[in-house]
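**Student:** Quick one: the structure is below, and I'll ask about it shortly.
The values are calculated or read from the model by the stated rules, or taken from the named source; none is laboratory data. Source: prediction; values computed, not measured. Here Cβ is always computed from backbone atoms with ideal geometry, including for glycine, and neighbour counts include all displayed protein chains. Ligands, DNA and RNA are stripped out before the accessible areas are found, and what is left, the full protein with its side chains, is counted by its heavy atoms. Shrake-Rupley method; radii C 1.70, N 1.55, O 1.52, S 1.80 Å.
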Amino acid sequence: MITIQNLSKVYKSKHNQVVAVDDIDLKIHKGEIFGVIGYSGAGKSTFIRLINRLEDPTQGDVVINDKNITKLKTGQLRKERQKIGMIFQHFNLLWSRTVLKNITFSLEIAGVPRKQRKEKALELIDLVGLKGRENHYPSQLSGGQKQRVGIARALANDPEVLLCDEATSALDPKTTEDILDLLVSINKKLGLTIILITHEMHVIKKICHRVAVMDSGKIVEQGDALDVFMHPKQSITKHFVQQVMGPPQDQALIDTLANSFETGKVLRLHFVGETTNQALISQLAKGFDIDINILQGNITQTQEGTYGALFVHIDGPQNEIDKAIHFLSNTSVEVEVR
């Protein structure tokens, strides 16, 4: 649906230049939630503004549904922008307008008749969970409610793409969860393609199907969210993963645990997807003549599935230990014998 090729943005001054976005190539599929994560200054906000040409690129192309956004004239661009909604970190609402009139604003600009504007706005107010607050002003709303208005406004023209620039970073954790749940619901109900910019890995974990990691204007790593969580390659990606999974298991501690048992085996079980929901430890305890001691582990949920690692010590007759390891190896659990 979206193809980005050789996209760059260079800001030049009299004495120097800053490369904010550096030769990015990316493909985003129709109907997916695609996350772009990076620290402050990585270029991600500039990148998202290049997609709808709030910023003009220095070079490169952004093609949405076979239309090259970067080549469009002003009139054509204005028309295509109606298919691209955008929500912002600080809401950008019109403070002198009510919720209803904030949502109808873009429809007014598009020339939609008054009756249709109101019908559409009321439909969206219901969709984002603001029914009964049609006549409230932004000053009368909480942060989460303001962002719901921003989302409704962004959906007013029935866009095909929704751009989210740090849409939850100004919100408290509970409100963030509610807004993320709303975005997932909208994605499923409307089949909307969502591109989400963030510096918080738990946002990627909760709702994104795929993710790209930005650093110094470049995409340094990308892939399915679950795969990136399981096998982060770049050091910056590993740091982001640690935001939600904690620091990696202390190798010295694990070795100490493994060496502290005179008999039996210490196993590292790597769970992926539906196997995390299976009672494998219980099955082992009931199916084999072994004792099981859980040493350490963690499991987390992503939009694409669950994953985690668990360290266990199993002890008993050697033939029963071998049978248990063989049983585990025939599931989708990855087994490493320490």
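**Student:** Could you work out which residue, out of E108, E32, E200, moves most in a Gaussian network model of the chain, that is, has the largest mean-square fluctuation with Cα springs under 10 Å?
**Tutor:** Answer for the Gaussian network model of the chain: E108.
**Student:** In the chain, with Lys and Arg counted as +1 and Asp and Glu as -1 at Cβ, which of these residues, A309, I321, G264, has the Cα nearest the positive end of the dipole, that is, farthest along it?
**Tutor:** A309
**Student:** OK, next. Within straight cross-link reach of K120, meaning Cα distance under 20 Å, which lysines are found once same-chain residues fewer than 8 apart are removed?
**Tutor:** K79, K83, K101, K131, K146, K188, K189
**Student:** Within segment 74-135, list the chymotrypsin sites (Phe, Trp or Tyr not before Pro) lying in a DSSP loop whose Cβ has at most 10 other Cβ atoms in a 10 Å radius. Mind showing how you got there, number by number?
**Tutor:** Numbers: sites: F88, F91, W95, F105; in loops: F88, F91, W95.
Passing sites in segment 74-135 are W95.
**Student:** Across bins of 5 angstrom width beginning at 0, how are the C-alpha pair distances of segment 60-131 distributed, in whole percent?
**Tutor:** For segment 60-131, the pair-distance distribution reads 3, 13, 19, 21, 17, 13, 10, 3, 0.
**Student:** Which of the lysines could a cross-linker bridge to K286, judged by Cα under 16 Å and excluding same-chain residues fewer than eight apart?
**Tutor:** The reachable lysines, counting only those whose Cα sits under 16 Å from K286, are K323.
**Student:** How big is D, in µm² s⁻¹, for segment 31-164 by Stokes-Einstein at 10 °C and 1.306 mPa s if Rh is the Kirkwood radius over C-alpha pairs?
**Tutor:** Answer from the Stokes-Einstein relation: 99 µm²/s.
**Student:** Return the equivalent ellipsoid semi-axes of segment 90-132 as a descending list in whole Å, where each equals the square root of 5 times an eigenvalue of the C-alpha gyration tensor.
**Tutor:** 16, 14, 8
**Student:** State the antiparallel share, in %, of DSSP beta bridges confined to the chain, rounding to the nearest 5.
**Tutor:** Counting only bridges with both partners in the chain, antiparallel ones make up about 70 percent.
**Student:** Placing unit charges on C-beta atoms (Lys and Arg positive, Asp and Glu negative, everything else neutral), compute the dipole magnitude of segment 1-97 about its Cα centre in debye, rounded to 20.
**Tutor:** Around 480 debye, computed over segment 1-97.
**Student:** Also, I was wondering about something else. Set Lys and Arg Cβ to +1 and Asp and Glu Cβ to -1, take the dipole of segment 46-154 about its Cα centre, and tell me which of Q59, T98, V149 lies farthest positive.
**Tutor:** Going by the Cα projections, it comes out as T98.
**Student:** Right, here's the next one. Where does segment 190-231 land on Rg(C-alpha)/(2.2 N^0.38 Å)?
**Tutor:** Relative to the 2.2 N^0.38 Å estimate, segment 190-231 comes out at 1.18.
**Student:** Just to confirm, what accessible area per residue do you get for the chain at 1.4 Å probe, in whole Å²?
**Tutor:** The answer is 49 Å² per residue.
**Student:** For Q59, enumerate residues with amide H under 5 Å from its amide H, sequence gap 5+ or separate chain, H modeled in the peptide plane.
**Tutor:** S8
**Student:** Which value in nm describes the separation of the simple spin-label points at N135 and W95, placed 7 Å from the Cα toward the beta carbon?
**Tutor:** 2.3
**Student:** Could you pull out every one of the aspartates and glutamates with an alpha carbon less than 13 Å from that of K30, ignoring same-chain neighbours closer than 8 positions?
**Tutor:** D66, E160
**Student:** Something else: For the chain, what does the helix formula give at 222 nm: sum of -39500 (n - 2.57) over DSSP H segments with n ≥ 4, over the residue count, nearest 500 deg cm²/dmol?
**Tutor:** Helix-only estimate at 222 nm: -11000 deg cm²/dmol.
**Student:** State to the nearest 20 debye the size of the charge dipole of the chain about its Cα centre, where the only charges are +1 on K and R beta carbons and -1 on D and E beta carbons.
**Tutor:** Roughly 2360 debye, rounded to the nearest 20.
**Student:** Which value, to two decimals, describes the C-alpha radius of gyration of segment 42-82 once divided by 2.2 N^0.38 Å? List each step's numbers first, then the result.
**Tutor:** Values: Rg = 10.0 Å, N = 41, 2.2 N^0.38 = 9.0 Å.
Its radius of gyration relative to the 2.2 N^0.38 Å reference: 1.11.
**Student:** For the chain, set up a Gaussian network in which alpha carbons nearer than 10 Å are linked by springs, and say which option among I37, I299, I219 fluctuates the most.
**Tutor:** Of the options given, I299 has the highest mean-square fluctuation.
**Student:** Expressed in nm², what is the orientationally averaged projection area of the convex hull enclosing the Cα positions of segment 96-212?
**Tutor:** The directionally averaged projection comes out at 7.4 nm².
**Student:** Once neighbouring chains are kept in place and the probe is 1.4 Å, which whole percent of the accessible area of the chain is contributed by carbon and sulfur?
**Tutor:** On the chain, the fraction of accessible area on carbon and sulfur atoms equals 46 percent.
**Student:** Once phi is turned into θ = phi - 60°, what whole-Hz ³J(HN,Hα) does the Karplus curve with 6.51, -1.76 and 1.60 give for every residue of segment 53-66, x standing for Gly and Pro?
**Tutor:** 6, 5, 10, 8, x, 6, 7, x, 10, 10, 10, 10, 6, 6
**Student:** Further question on the same structure: Mean 1/r over all different Cα pairs, inverted: what Kirkwood radius does the chain give, in Å?
**Tutor:** Result for the chain stands at 22.6 Å.
**Student:** Counting only C-alpha contacts under 8 Å and six or more residues apart, can you give the relative contact order of the chain as a whole percent? Let's see the in-between values first.
**Tutor:** Values: 628 pairs, mean separation 58.7, N = 338.
The value is 17 percent.
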